[in-house]
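The block underneath contains the structure these notes are about, expressed in structure tokens.
The values are calculated or read from the model by the stated rules, or taken from the named source; none is laboratory data. Quick caveat: nothing in here was measured; it's all calculated off a predicted structure. A quick note on method: Cβ atoms are made from the backbone with ideal geometry, for glycine too, and the neighbour counts reach across all protein chains shown.
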Amino acid sequence: MTSAFLLNIAIIIFGWSRYRQFRKEIAARKLAEQQASRLAVLDTLTELFNRSSFNDVVDKLLSNAAKAGQAVVVLVADLDGFKAINDLNGHDVGDLMLRECAARLCACAPSSAIAGRVGGDEFALAFPVDRQRRGTAKSVAEKVANLLAQPASINGVKVEVTASIGIARSDVVGLSKSPDSRELLEMASVASYHAQQQGRDRSVRFEARMADELRFQVELKRGIRQGIPNGEFIPFYEQQIDLQTGELTGFEMLARWNSPQFGLVSPDVFIPIAEEMGAIGDLSRSVIRQAMEDAKGWDPRLTLAVNISPLQLRDPWFSQKLLHLLVEANFPPQRLEIEITESCLHQNVAQVRSLITSLKNQGVRVSLDDFGTGYSSLAQLRSLPFDRIKIDRSFITNMTNDSDDAAIVHAIAMLGKGLNLPITAEGIETSDVLEKLRQYGQLKGQGYLYGRPRPAHEIAEWLSQRELAVAALPDLPTIPRHPNNGDQTDSGGEQQVSKRSGYGKSA
Ligand code: C2E
Ligand code: CA
Ligand code: CA
């Protein structure tokens with residue numbers, strides 16, 4: 001009896017303690033589950049919503065707002081130049097700065113807003129607004145911009161950042177249907193991209209026309225990415241002439257994109273996009289490689305000039321990469337000329353100087369392109385060892401009608417003489433301009449008067465007719481003195497997409 005009683009007690013105690021343990025287990029599992037779902041919706045660094053949960057919450061906001069007759073605003077703040085903060089101060093400072101930005105964003109958001117981190121350095125806010133009320137979004141954007149722009153002290157380091165802010169409203173006019181959360185976020189991102197393009201540290205409202213532009217940009221980027229390995233980027237060549245003798249001295253290579261989707265696209269369109277995508281180096285290497293192969297088929301006295309983007313010059317390995325290309329193609333460096341634009345001189349001049357010096361040590365010559373459009377000083381010109389200056393075509397084309405242009409060109413020609421720097425005039429379109437330039441001394445020149453830029457096979461044929469292809473060596477005849485002496489083959493217009501001409505018009 002007693003033992004039965006004790007057994008019962010033992011069973012009750014055991015059951016009780018098992019029950020308590022069981023409850024603990026359940027509580028722990030619940031906590032773990034809560035933490036896991038928190039992690040799934042929150043960005044671990046800033047504890048704001050992550051991109052996908054931000055969108056989910058905005059969808060709910062949208063449906064509530066629709067019922068209440070309201071609209072939803074999404075605001076994207078893309079930090080300007082955040083990569084430099086990481087590069088300069090390390091990722092720890094970068095991470096802390098992102099947390100600081102998140103805190104600031106929340107501090108100036110309306111009480112009804114939700115906040116998210118929707119990209120590495122992209123934050124977003126979403127909040128409902130009355131349809132009739134205008135200006136709320138813009139004033140929130142201004143508050144965000146102002147607060148983000150205040151310097152922060154991170155681990156004793158002063159860190160400053162600004163933001164390009166895009167604003168999108170769900171009731172924006174001109175859209176065929178009301179946007180869902182993903183579309184709204186995309187619209188705000190497009191507007192922030194426009195803010196960036198307009199000079200950063202500002203806010204821009206999304207407009208319906210931006211959507212088409214965006215689609216076009218996305219298609220262009222995709223096309224460029226695929227087009228480089230597919231060999232769609234090809235060199236065209238423009239003659240460079242000694243204006244006194246009329247002799248051909250070489251060609252400038254001008255890249256074209258032979259796109260299956262867009263046709264022949266002008267570099268004014270694809271170079272800035274390739275730069276932005278970080279694809280300019282690959283693109284440039286691909287066309288320079290082809291150009292060297294083409295130029296090996298020309299008379300070896302003919303030079304090859306190629307254009308280099310300012311971004312490529314920032315690459316500390318640029319001259320090594322170029323040397324590699326030269327060796328690979330077995331191309332004599334003495335025949336190669338690099339053209340860099342005057343705008344490069346805004347960058348670190350010491351770096352540009354060491355780059356030019358290193359190129360020159362390899363035997364490559366370096367020209368200063370588009371001279372007159374930037375603001376290089378005479379001191380810079382003297383201190384940088386350029387081999388040639390190219391006067392920008394904006395001064396040349398009109399110089400017979402515009403006495404100011406003529407005076408500038410004359411002054412640059414004199415400057416070249418004084419500094420012992422050879423000069424090239426670009427953009428010669430008429431024989432009047434040519435005559436005038438000849439009065440200014442020993443210049444080289446190029447322009448549509450001598451024909452439009454043409455593809456490799458046409459140049460090869462044209463040269464071989466003039467016995468200026470490699471097969472015709474070594475007996476070299478003189479080269480035609482005047483551009484209009486029956487060379488009508490080279491006036492053929494290119495059909496291409498250009499910034500100004502749009503599609504398929506003659507450049
Ligand atoms: P740029 O280096 O100043 O090249 C001269 C541009 O002027 C070329 O335009 C050429 O077709 C045009 N041009 C030549 N003669 C005349 C003329 O008499 N009248 C007029 N109105 N225009 C003339 P294109 O080929 O469209 O090239 C535009 C720019 O794109 C080039 O300007 C150059 O800065 C850039 N570019 C071209 N190829 C490359 C490349 O492979 N890499 C880089 N980074 N930039 C390139
Ligand atoms: Ca050029
Ligand atoms: Ca130029």
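Restricting the first member to the stretch 332-357 and to residues that are at pLDDT below 95, and the second to residues that are among the β-branched types (Val, Ile, Thr) and surrounded by 20 or more Cβ atoms within 10 Å (Cβ to Cβ), the beta-carbon pairs closer than 7 Å and six or more apart or on different chains are ILE340/ILE308; ILE340/VAL366; CYS344/VAL352; LEU345/VAL352; ILE356/VAL366. In the set (1) charged (D, E, K, R); (2) under 28 Å from MET277 (Cβ atoms); (3) in a loop (DSSP other than H, G, I, E, B), ASP95 fails one condition alone, (3). Taking the criterion of being more than 30 Å from GLY135 (Cβ to Cβ) and surrounded by 15 or more Cβ atoms within 10 Å (Cβ to Cβ), the residues of the stretch 202-224 that qualify are LEU220, LYS221, GLY223, ILE224. Selection within the stretch 382-413: residues that are out of contact with any helix residue (DSSP H, G or I) (no Cβ under 6 Å at 6 or more places or on another chain) and free of Cβ contacts under 8 Å to residues at least 12 places away in the same chain. The member of this set that is farthest from ligand 3 (Cβ to nearest atom) is SER403. Restricting LEU254, LEU243 to residues that are more than 16 Å from ligand 3 (Cβ to nearest atom) and of a type outside the set (S, T, N, Q) narrows the list to LEU243. Determine whether VAL204 is aliphatic (A, V, I, L, M) and in a helix (DSSP H, G or I). Spelling it out, it is not the case that VAL204 is aliphatic (A, V, I, L, M) and in a helix (DSSP H, G or I).
Mind listing whichever residues of the stretch 301-328 are within 16 Å of ligand 2 (Cβ to nearest atom) and either at pLDDT 95 or above or of a type outside the set (A, V, I, L, M, F, W, C) (or both)? Answer for the stretch 301-328, where residues must be within 16 Å of ligand 2 (Cβ to nearest atom) and either at pLDDT 95 or above or of a type outside the set (A, V, I, L, M, F, W, C) (or both): THR303, LEU304, ALA305, VAL306, ASN307, ILE308, SER309, PRO310, GLN312. Once the stretch 390-411 is narrowed to residues that are hydroxyl-bearing (Ser, Thr, Tyr) and surrounded by fewer than 19 Cβ atoms within 10 Å (Cβ to Cβ), the residue that is nearest to LYS436 (Cα to Cα) is THR400. Going by the structure shown, is ARG466 of a type in the set (D, E, K, R), more than 34 Å from the chain's Cα centre (by Cα) and modelled with pLDDT under 95? So ARG466 fits the description; yes.
Per this entry, SER189 is not counted among residues that are surrounded by 14 or more Cβ atoms within 10 Å (Cβ to Cβ), more than 23 Å from GLY119 (Cβ to Cβ) and modelled with pLDDT under 95. Here the stretch 339-372 is the region considered, the condition is being in a helix (DSSP H, G or I) and closer than 13 Å to LEU322 by Cβ, and the residue that is farthest from ligand 2 (Cβ to nearest atom) is ASN361. Taking the conditions (1) at negative phi; (2) surrounded by fewer than 20 Cβ atoms within 10 Å (Cβ to Cβ) in turn, ARG104 satisfies each one other than (2). Given the structure, is LEU75 in a strand (DSSP E or B), touching a residue at least 24 places away in the same chain (Cβ under 8 Å) and over 15 Å from ALA152 (Cβ atoms)? When the stated conditions are applied, LEU75 passes them. All of (1) surrounded by fewer than 16 Cβ atoms within 10 Å (Cβ to Cβ); (2) in contact with a Lys or Arg (Cβ under 8 Å, 6 or more places away or on another chain) hold for GLN320 with one exception: (2). Determine whether the stretch 427-444 contains at least one residue that is at negative phi, part of a loop (DSSP other than H, G, I, E, B), surrounded by fewer than 22 Cβ atoms within 10 Å (Cβ to Cβ) and more than 11 Å from ligand 1 (Cβ to nearest atom). Looking for residues that are at negative phi, part of a loop (DSSP other than H, G, I, E, B), surrounded by fewer than 22 Cβ atoms within 10 Å (Cβ to Cβ) and more than 11 Å from ligand 1 (Cβ to nearest atom), one finds at least one in the stretch 427-444, hence yes. Of all residues being among the charged types (D, E, K, R) and more than 15 Å from ligand 1 (Cβ to nearest atom) in the stretch 340-371, which is surrounded by the fewest Cβ atoms within 10 Å (Cβ to Cβ)? Just the residue, please. Here the residue is ARG353.
For THR303, all conditions in the list (1) more than 15 Å from ligand 3 (Cβ to nearest atom); (2) touching a Lys or Arg at 6+ places or on another chain (Cβ under 6 Å); (3) over 28 Å from SER383 (Cα atoms) hold save one; what is the number of the exception? Failed condition: (3).
Can you find even one residue in the stretch 270-292 that is under 30 Å from LYS436 (Cβ atoms) and either within 15 Å of the chain's Cα centre (by Cα) or at pLDDT 95 or above (or both)? No, every residue in the stretch 270-292 fails to be under 30 Å from LYS436 (Cβ atoms) and either within 15 Å of the chain's Cα centre (by Cα) or at pLDDT 95 or above (or both).
Among the residues of the stretch 126-141, those that are touching a residue at least 24 places away in the same chain (Cβ under 8 Å) and over 27 Å from the mean Cα position of the chain (by Cα) comprise ALA126, PHE127, PRO128, VAL129, ASP130, ARG131, THR136, ALA137, LYS138, VAL140.
Taken over the stretch 104-137, residues that are in a loop (DSSP other than H, G, I, E, B), touching a strand residue (DSSP E or B) at 6+ places or on another chain (Cβ under 7 Å) and closer than 17 Å to LYS60 by Cα amount to 2.
With respect to (1) part of a loop (DSSP other than H, G, I, E, B); (2) among the aliphatic types (A, V, I, L, M); (3) in contact (Cβ under 8 Å) with a residue 60 or more places away in the chain, the lone exception for VAL172 is condition (3). Does the stretch 403-419 contain any residue that is under 30 Å from GLN320 (Cβ atoms) and out of contact with any Cys (no Cβ under 8 Å at 6 or more places or on another chain)? For the stretch 403-419, residues under 30 Å from GLN320 (Cβ atoms) and out of contact with any Cys (no Cβ under 8 Å at 6 or more places or on another chain): present.
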